[in-house]
Amino acid sequence: TYDFALKPHPTIPKPEGPLLVCVLDGYGENPIQDEYNAIFSSKTPTTDALKEVPGRWRTIKAHGKAVGLPSDDDMGNSEVGHNALGAGQLIDQGASLVDNALRTGSMFSGEGWQYITPSFANNTLHFIGLLSDGGVHSRTDQLFGCLRGAAARGAKRIRLHILTDGRDVPDGSSLKFIEELEGVLKELGEQGCDAKIASGGGRMGVTMDRYEADWNIVKKGWEAHVLGEAPHYFKDALTAVKTLRKEDSDKPVSDQWLDSFVIVGEDNNPVGTVQDGDAVVIFNFRADRVIEMSKALEYAEFDKFDRKRWPQTRFVGMMQYDGDLKLPARYLVPPPAISGTSGEFLAKNGLRTFVCSETQKFGHVTFFWNGNRSGYFDEELETYVEIPSDTVPFNEAPDMKAREICEAGKEALRSGKYDQVRINFANPDMVGHTGDLEATRHCCELVDQCVKELLEVVKEVKGRYLVTSDHGNADDMAQRDKKTKQAIVQEGKVVPLTSHTLAPVPLAIGGELPEGLQLRDDFPEGGLANVASTIFNLMGYEAPSHMEPSLIKQ
Ligand code: 3PG
Ligand code: CO
């Protein structure tokens, strides 16, 4: 329990206007500044100017242990980033918790595992999830640990339903992960466990939708994984992926966007549909992109698409994905316990918040920000506005909804109704993930213009601002030689980097601030978890004592 009453800050008065908290998703401050840094190589006068204000701009850590990930080789991501920003605390994240559960064996003695075990002897055990070592939503080594653990504990028949990545890892790497998986399945086979890949597809078009942007994506996954229906049937997954990538055609398809496929046996029947009595494990630890499939598997009442058949399964998630909905009811590893978040403090103190983003990032500034809770703390005090995202590849419409978000933010700032206006611009991340350098440059320019307009309104209403990001992405669009950092060129083309980067992110503050107020320059390890306390200070309050320290010089 916390003492929720916020104390006025001894030297920083409350601002006259609201505080704007602006997250530029995927906008890192990369030490490599060349043409493949889409921020550096585009015209971003507003964010450039922020850097020049002495004492009011710095970088903060956004990856690895600073955001609760297992190691400093782990790039940051929006889940852990927004958790840290909103909670102001260092939280051991899903990836670390699953690692621990596998290392100590608690995975296999927990309630979730006990729940699926009765299906091991006479039914099939299914695994559904993202097949890569990206460490953002899942990791292959964790999947392999679960597979070996299941076979050792008597699972006789295992079927895998795999989503290919190419977004948190290089495009084309899906083939390597499938080969590794086939190796493990062969090993299980030698121990008498019949284990096979049964279906799959690319993560952006199959199963892994988020925030209900497009339920058709989940429907495709349901049909392939559960019903054994897809536009393409193959005898093995490697052939499926090689064929669907269409590498030799004019229109090659990347791992992210592969169509759904089903693996069939010699008899041409699907090798692994989901049946009554089977167990199903979703092996992603990250929530956003598996909540919808979890609902389809778990809910008796379901109207998002016609399931045709709803098998009665023993279904568990790697974690519980939504703490408010208690979804799924059963899970293998207890999720990070996040409480005492900044949103709860604001609400308990009667402070009013306006939150806005477009669908693709809406849950980031609400659900993740609030510690993986899908509701409001106090509906009277919080206004959440979701602007529907387009459902096309984002390099084809790189403006996304930046203009609309900017307008909504300006209106909220001017309305006089709010103490905090929190918005997220999705573009640098979502367009960055496509690997399209030109489109990413374009959207960085647009977002920079939006920031300019917002800061003008902050000035007009005598407010303050804090501009930051959750992790890098647009700041590096090329895969690079590890030693020389030169962009890798293959067949005359630079190999695009679709994933996030390890770069720190900017933190800029301004507006009607007491003269002399400065950011700490004696705290290089400061990271995203230090932002919440900084926000409380900028709103005129002392930060709650359980939060990581503020970055304002006291
Ligand atoms: C995704 O889910 O799109 C990527 O894996 C990670 O992107 P995000 O962490 O920026 O959402
Ligand atoms: Co991203």
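When the Cα centres of the stretch 485-554 and the stretch 341-363 are compared, how far apart do they sit, in Å? Taking the Cα centre of each part, the stretch 485-554 and the stretch 341-363 sit 19 Å apart. Here the label points at Asp141 and Gln275, each 7 Å from Cα along the C-beta direction, are separated by 3.6 nm in the simple model.
Dipole check for the stretch 95-317: with +1 at the C-beta of Lys and Arg, -1 at the C-beta of Asp and Glu, and the Cα centre as origin, the magnitude is about 320 Debye. Annotation: cysteines of the chain without a disulfide-compatible partner (Cβ-Cβ under 4.7 angstrom) are Cys22, Cys146, Cys193, Cys356, Cys443, Cys444. Projecting the Cα atoms of Val281, Gly511, Ile488 onto the charge dipole of the chain, computed from C-beta unit charges around the Cα centre, puts Val281 farthest toward the positive end. Each of Ala397 and Trp310 was given a label point 7 Å from its Cα along the Cα-to-Cβ line. The distance between the two points is 3.1 nm. For the stretch 339-370, the residues whose amide N sits under 19 Å from a probe point set 7 Å from the Cα of Tyr2 along the beta carbon direction are 339-355, 364-370. In whole angstrom, the stretch 161-207 maps to an equivalent ellipsoid with semi-axes of 24, 13, 5, each derived as √(5λ) from the alpha carbon gyration tensor and ordered largest first. Counting 0.36 nm for each residue step from Ser545 to Glu515 and taking away their Cα separation leaves a gain of 8.2 nm. Placing a pseudo-label 7 Å from each Cα along the Cα-to-Cβ vector at Asp248 and Gln490 gives an inter-label distance of 1.7 nm. In a DSSP loop and with at most 14 other Cβ atoms within 10 Å, the GluC sites (Glu not before Pro) in the stretch 232-316 are Glu247, Glu266, Glu301.
Could you state the per residue volume, in Å³, of the convex hull enclosing the Cα atoms of the stretch 95-317? Could the numbers behind the result be given before it?
Numbers: hull volume 26.5 nm³, N = 223.
Measuring per residue, one finds 119 Å³ for the Cα hull of the stretch 95-317.
At a threshold of 8 angstrom on Cα-Cα distance, excluding pairs fewer than six apart, so keeping six or more, what relative contact order does the stretch 1-118 reach in percent?
Details: 60 pairs, mean separation 14.2, N = 118.
Reported relative contact order: 12 percent.
Summary value for the chain: 28 percent relative contact order, contacts being C-alpha pairs under 8 angstrom separated by 6+ residues.
May I ask you to give the average projected area over all directions of the convex hull of the Cα atoms of the chain, in nm² rounded to one decimal? Walk me through the intermediate numbers first.
Numbers: hull surface 99.2 nm².
Projected area, direction-averaged: 24.8 nm².
What is the magnitude of the charge dipole of the stretch 420-520 about its Cα centre, with +1 placed on the Cβ of each Lys and Arg, -1 on the Cβ of each Asp and Glu, and no other charges, expressed in debye to the nearest 20?
Numbers: 12 positive and 15 negative charges, 78 e Å.
Dipole magnitude for the stretch 420-520 comes out near 380 debye.
Note on the stretch 77-135 and the stretch 220-297: Cα centroid distance 21 Å, given to the nearest whole angstrom. For the chain, with the dipole built from +1 on Lys and Arg beta-carbon atoms and -1 on Asp and Glu ones, taken about the Cα centre, which of Ser78, Ala5, Pro388 lies farthest toward the positive end? It is Ala5, whose Cα lies furthest towards the positive end.
Would you calculate, for the chain, the mean residue ellipticity at 222 nm contributed by helices, counting each DSSP H stretch of 4 or more residues as -39,500 (n - 2.57) and dividing by all residues, to the nearest 500? Mind showing how you got there, number by number?
On the way: 16 runs with 157 residues, N = 554.
For the chain, the value works out to -8500 deg cm²/dmol.
Mind giving me the FRET efficiency for Lys51 and Ser415? R0 is 35 Å, r the Cβ-Cβ distance, nearest 0.05 is fine.
On the way: r = 30 Å, r/R0 = 0.86.
With R0 = 35 Å, the Cβ-Cβ based efficiency is 0.70.
A short reminder: the numbers here are calculations on the coordinates, not readings from a lab. Computed from a predicted structure; not experimentally measured. Here the Cβ is made from the backbone with ideal geometry for all residues, glycine too, and neighbour counts use every protein chain on show.
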